[in-house]
Amino acid sequence: MNIIIKSSNIQFKNPQIGQPTRAVEEHYNGRRIVAYVNDEERMFRFKKEEMPFVCDEDEMIELIRQRLEDNNDA
């Protein structure tokens, strides 16, 4: 399986309703990744429990691979 990351966007949400959201680890809410899987562009969303705030490209690829294998969608 060939996986290439095209883009990764971190999503933030303030845990206190009505307060401004900041781009800090405490407000981290998840990540949206667009990747090519076997030359097909696909989008993946990961919650903060599924993907840590600090995550390099190799870790992202491994998490995408795990999700595809878990869903038998490879």
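Structural remarks
- Straight-line cross-link partners of K48 among the aspartates and glutamates, defined as a Cα under 12 Å from its Cα and at least 8 positions apart when in the same chain: E25, E26.
- Reported label for calculated Cα extents along the principal axes in Å given (1) 42, 22, 18; (2) 51, 33, 30; (3) 42, 28, 20: (1)
- Packing-based ranking, highest mean first, of 9-22, 50-63 given that Cβ atoms within 10 Å are counted: 50-63, 9-22
- Estimated dipole of the chain in Debye, rounded to 20 [Cβ of Lys and Arg +1, of Asp and Glu -1, Cα centre]: 500 debye
- Pairs of Cα atoms nearer than 8 Å and 6+ residues apart set the relative contact order; for the chain it is 29 percent.
Taken together, the values in this text are just the output of simple stated rules run on the coordinates, not laboratory data. Predicted model only: the values in this text are computed from it and were never measured. In this analysis, Cβ positions are derived from the backbone assuming ideal geometry, glycine residues included, and neighbour counts consider all displayed protein chains.
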